[in-house]
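To start, the structure itself, in structure tokens.
The values are calculated or read from the model by the stated rules, or taken from the named source; none is laboratory data. This one's a predicted model, so the numbers in the text were calculated from it and none came from an experiment. Cβ placement follows ideal geometry from the backbone for every residue including glycine, while neighbour counts extend to all protein chains displayed.
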Amino acid sequence: MQEQDSPTNKITVMTIIILTILIIFTAPLASQETQISFTTTEGTWVSLDVAPDGKSLVFDLLGDVYALPLDGGRARPILTGRAFQSQPRLSPNGRLITYVSDKSGTDNIWIAKADGSMPRQVTNRAASTMLSPAWSVDGSEIYVTVISLKGFSSFAEIWRFDIDSGDGELVIENKNGPSQPLVSAPAPGPYGAALHPNGFDLYYTSVTPRPYGSRKGATSQVIKLSLETGKTDPVLLESPIAMKPAVTPDGRQLVYGAVKDGRTGLKVRELETGKERWLAYPIQRNQLESRATRDVLPNFGITPDSRALIAVWNGQIHRINFDDGNDQVVSFEADVSLEVTPRLNFPQRVEQGEVRARGVQQLAVSINGRVAFSSLGRIWITDLTGTATRRLTDTERPREFMPAWSADGRWLSFVTWDESGGHLWKARADGKGE
């Protein structure tokens, strides 16, 4: 008697077949990878943070994270690879770094040692955009802006996550209305949590996007939340458009982004007296009229002695003293090495001959049972079976819409639209004239 294959043998054979197929199809892709390497002394939309010991900083560049002496020099890559890793923040004790990475397939919060070793995923969210993580004062939690989708609507919220368990809690919800149907509009809600050194107050940017069809632009203001009572209060600042707050380590000053004459700069406010002054103007554009996927302004850092602000604009790292406003460029040199995989391309051949209409608009039925509709920018007439379809006109006039039958079913009216404007037409239903 012939011995039958056992289920285990069948599974083993199937596994070998699947692995063979994967090797065959992935080998060509691996061989087509391109390595792009270059050295740069500039960066665009760079977020950074200053180490608690004041000796170094970390910054992101093209999806990798680098460490750099505070005085400048050669940057050392600490987080690299195919994943896009950005917006690094050092823990209060300087031993850990948190950052946003899409290594899991979508944005999530990760942490690693300050040298980039032992990275691990903290959150496990799907289909969310995360930005501007910030440590709690005791280093046990991370606050982060989470942009979520609900149907065709997006909204921003601030959550906090325990770094050990990954458990999350909603801290600030969106109270700024629905999102706007604009590609260039940010999601409404709170952005960029910034903790006060006292551990009890949290500052953030409240963003309201430009209303659809309105000339009024997007607005933003700085809000202070008491983590003890849950009470929120707007911070009354000199600039009506304020964003990206940060408190100095000594708790005495508030730095924020402000808009003047359509350009963005940084201002500093004495929290005790309320006095304000410009620290740097202009710096770079804000993202209030964009999707703001990495916040409305890049993250900046403040030295632990509260004497200087470190930020990037015009491609360079700037160190600005709070006392005299002296601006010193911190020069750096970074070696960039990126793995570029081939673009997934699925060629589609354009069919020749008759074209199948995928959409029918403005259906109208006549008294004698004929049907008129708009499709492919033309008016068409057919019977109720849809078997005898023809165009109403034979002109090259573009964009015919909105057919309407006369009471006797002999005429059709319709509208057109082109570069000269809109027009109203009528035509005989038998196609013998207009």
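Do we find a residue being of a type in the set (D, E, K, R), surrounded by fewer than 21 Cβ atoms within 10 Å (Cβ to Cβ) and over 28 Å from residue 208 (Cα atoms) anywhere in the range 280-299?
Checking the range 280-299: not a single residue is of a type in the set (D, E, K, R), surrounded by fewer than 21 Cβ atoms within 10 Å (Cβ to Cβ) and over 28 Å from residue 208 (Cα atoms).
Across the range 172-185, what is the number of residues that are crowded, with 19+ Cβ neighbours inside 10 Å and modelled with pLDDT of 95 or more?
Residues that pass the stated criteria total 2.
Taking the conditions exactly as written (in contact (Cβ under 8 Å) with a residue 40 or more places away in the chain, surrounded by fewer than 20 Cβ atoms within 10 Å (Cβ to Cβ) and not polar (S, T, N, Q)), does residue 250 satisfy them or not?
Spelling it out, residue 250 is indeed in contact (Cβ under 8 Å) with a residue 40 or more places away in the chain, surrounded by fewer than 20 Cβ atoms within 10 Å (Cβ to Cβ) and not polar (S, T, N, Q).
A quick yes/no check of all residues on (1) of a type in the set (D, E, K, R); (2) closer than 23 Å to residue 275 by Cα; (3) surrounded by 23 or more Cβ atoms within 10 Å (Cβ to Cβ); (4) touching a Phe, Trp or Tyr at 6+ places or on another chain (Cβ under 8 Å):
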residue: 192; (1), (2), (3), (4): no, no, yes, yes
residue: 199; (1), (2), (3), (4): no, no, no, no
residue: 202; (1), (2), (3), (4): no, yes, yes, yes
residue: 205; (1), (2), (3), (4): no, yes, yes, yes
residue: 226; (1), (2), (3), (4): no, yes, no, yes
residue: 231; (1), (2), (3), (4): yes, no, no, no
residue: 238; (1), (2), (3), (4): yes, yes, no, no
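Only residues that are part of a strand (DSSP E or B) and closer than 25 Å to residue 212 by Cβ: list them for the range 159-193, please.
Scanning the range 159-193 gives 172, 189, 190, 191, 192.
If you take just the strands (runs of 3 or more DSSP E) that sit entirely in the range 44-156, which of them hold at least 3 residues that are under 23 Å from residue 207 (Cβ atoms) and in contact with a strand residue (DSSP E or B) (Cβ under 8 Å, 6 or more places away or on another chain)?
85-90, 96-101, 129-135, 141-150
Which one of these does residue 416 not meet: (1) in a strand (DSSP E or B); (2) under 30 Å from residue 82 (Cβ atoms); (3) out of contact with any Leu (no Cβ under 7 Å at 6 or more places or on another chain)?
Evaluating residue 416 over (1) in a strand (DSSP E or B); (2) under 30 Å from residue 82 (Cβ atoms); (3) out of contact with any Leu (no Cβ under 7 Å at 6 or more places or on another chain) leaves (2) as the failure.
Scan the range 393-424 for residues that are closer than 12 Å to residue 365 by Cα and of a type in the set (Ser, Thr, Tyr) and report the count.
Residues that pass the stated criteria total 1.
Against the condition surrounded by 11 or more Cβ atoms within 10 Å (Cβ to Cβ), closer than 30 Å to residue 245 by Cβ, over 32 Å from the mean Cα position of the chain (by Cα) and of a type in the set (Gly, Ala, Ser), how does residue 325 come out, does it pass?
The answer is yes for residue 325.
Can we say residue 155 is farther than 25 Å from residue 271 by Cα, at pLDDT 95 or above, assigned by TED's automatic domain parsing to the domain that holds residue 67 and crowded, with 22+ Cβ neighbours inside 10 Å?
So residue 155 fails the test.
Of everything in the range 340-381 that's part of a strand (DSSP E or B) and small (Gly, Ala, Ser), which residue is nearest to residue 32 (Cα to Cα)?
Once the filter is applied, the top-ranked residue is 375.
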